[in-house]
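For reference, the structure is listed below as structure tokens.
The values are calculated or read from the model by the stated rules, or taken from the named source; none is laboratory data. Computed from a prediction, not measured in an experiment: that's the story for all the values here. Cβ: placed from backbone, ideal geometry, glycine included. Neighbour counts: every protein chain shown.
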Amino acid sequence: MKIQKGSFALIAVLAAMVVTGESQAQKSGGVLKIQHMDTPPSASIHEEATVSVAVPFMSLFNNLVMFDQNVAKNSLDSIVPDLALSWAWSEEGRKLSFKLRQGVRWHDGKPFTAKDVQCTFEMLLSADKLRRNPRSAWYSNVEKVTADGDFDVSFQLKAPQPALLALLSSGYTPIYACHVPITDMRRKPIGTGPFKFVEFKMNESIKLTKNTDYWKPGRPYLDGIEYTIIPDRSTRMLSFTAGKFDMTFPTDVSVPLLKNIRRDAPQAKCTMRETGVSTNLIVNREVAPFNDPRIRRAMALTLDRQANIDILSEGEGKMGGAMLPPPDGVWGMPQEMLKGIIGYGDVAKAREEGRELMKQAGYGPDKRLKLKVSTRNIATFRDPAVLLIDHLAHIWIDGELEVIDTSVYYNRVFKKDYVVALNLSGSAVDDPDVTFFEGYACGSLRNYNNYCNPEMTKLFEEQSREPDQKKRLKMVWEIDRKLQEDIARPIIGHGRAAGCWQPYVKDVTIHVNSIYNGWRFEDVWLDR
């Protein structure tokens, strides 16, 4: 084989690029400009329950462990170290110990230690240290968290819980600083992450800047990130296709809107995927007449799930129970199992049964039930709420739409200050320990309609302790089926959405089974 002069140098360069993963192609600098759909209620991730907070503020923080930001599907196999260097289980699965990274500093220069981890979880395990604690149910199995030295920390559990590591990997599980008051975290948050907080202007923008002292060498590449709040979705889409933004809000682009973007901005990169978010009906069962189970059952029977999917996602959404359906979801019931569940079969027949129940409760064509259907004032909530009102009319319920701004909506549903609402529930991690305990366990703050069945809570605990994942799957299917039969929180459908970005935005990975865990942005760079 004849090699020309200079080829050895070229081969050496190519070999180096292979070894380094072509890291030399990455450029530092530039501000990533992203659209935001509404004003987050605050910047404190641990006190909020919306992707409006998770997306812009996740990059300020680190977790003990996290889902690999460059692997699209979250799973136990994609968990990587973050503030923790390593971890180990002991005491037959009832103790989880972490060795922590040294030399990490908070954005104000103070050192990170195991005390910060202990403080974070003491706060989450407390009943009164947070204004609200949406995910307190995640940690009901955690007995205590202790600092065993400056860089060692351990979780003592009441019972084995293999999924705990996945919960700790969520974007909803950042480590907070002991020395920063929780009131400051709501408006001027401090973390250890790749970006630092600059400003948060209500109804206007959120600005972050590069953490030049970030503990990961060479990261982040961006000089900053700017989120511009634009409430109208049509305006957001037009401004993106016009090239005024580098990226849409990553959960913003519906199936029909994606067609428009591909037509008007064919150069854009987009990923359509499952969001891990269900559209569901919540009913305040403590308010008459909805304390009558016949009325709640009738409302579940009148839902036309397939019509919702066909209209809102042109048939791309999926029917399912509480868990994300397969194939993207690991734990969802198979379609053949759904067919035998109340309201998932013949819609006309189900509505006949629903009307009969309404008659028994004292209602009919000459005596209709009037109510407000509350929902959050963004398109992904409003559109299915309009369809819900149409479905309710088939059982003599006349609904009036009430739209509520995000900053108020979650306060209302947390306090049970609503009667009937069209809600979207995101599962931060595709795991039953998140979905069941957070949304359905007695006393959970995010159990918005106060469903409480102690026998079901026992089943939640049993599946959580089960180490055999095949056996656990069958347990989860049965629990999910019972929740639907119990009208715990009727699931209308599971949605799909896309995020889009301009072609010069590099190394973007949008996760396919959760919209809450992929926004560290430390590997993203701009090729311009």
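Just a few scattered comments:
- Looking across 438, 462, one residue alone is of a type in the set (Asp, Glu), farther than 23 Å from residue 134 by Cβ and outside any loop (DSSP other than H, G, I, E, B). It is 462.
- With respect to the conditions (1) over 30 Å from residue 462 (Cα atoms); (2) assigned by TED's automatic domain parsing to the domain that holds residue 108; (3) among the aromatic types (Phe, Trp, Tyr), residue 172 lacks only one, and its number is (1).
- Among residues of the range 349-360 that are over 21 Å from residue 288 (Cα atoms), those with a beta-carbon under 6 Å from a residue that is of a type outside the set (Lys, Arg) and at pLDDT below 95 at least six positions away or on a different chain give the pairs 350/343.
- Filter result for residue 473 (outside any strand (DSSP E or B), of a type in the set (A, V, I, L, M) and under 13 Å from residue 320 (Cα atoms)): no
- The requirement of being in contact (Cβ under 8 Å) with a residue 24 or more places away in the chain, more than 25 Å from residue 392 (Cβ to Cβ) and of a type in the set (A, V, I, L, M, F, W, C) is satisfied by residue 479.
- Residues in the range 292-347 that are of a type in the set (Gly, Ala, Ser) and in a helix (DSSP H, G or I) were compared, and the one that is surrounded by the fewest Cβ atoms within 10 Å (Cβ to Cβ) is 307.
Here is a yes/no grid of residues against (1) part of a loop (DSSP other than H, G, I, E, B); (2) charged (D, E, K, R); (3) modelled with pLDDT of 95 or more; (4) surrounded by fewer than 20 Cβ atoms within 10 Å (Cβ to Cβ):
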position	(1), (2), (3), (4)
384	no, no, yes, no
392	no, no, yes, no
400	no, yes, yes, yes
433	no, yes, yes, no
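- Single residue of 450, 513 found to be part of a loop (DSSP other than H, G, I, E, B), outside the structural domain of residue 305 (by TED's automatic domain parsing) and at pLDDT below 95: 513
- Taken together, the residues in the range 348-382 that are assigned to a helix (DSSP H, G or I) and under 22 Å from residue 234 (Cβ atoms) amount to 4.
- Sole residue being part of a loop (DSSP other than H, G, I, E, B), modelled with pLDDT of 95 or more and within 25 Å of the chain's Cα centre (by Cα), chosen from 130, 96: 130
- Scanning the range 246-272 for residues that are crowded, with 21+ Cβ neighbours inside 10 Å, over 14 Å from residue 234 (Cβ atoms) and within 18 Å of the chain's Cα centre (by Cα) gives 250, 251.
- Test: residue in the range 228-237 that is surrounded by fewer than 21 Cβ atoms within 10 Å (Cβ to Cβ), acidic (Asp, Glu) and in contact (Cβ under 8 Å) with a residue 24 or more places away in the chain: no
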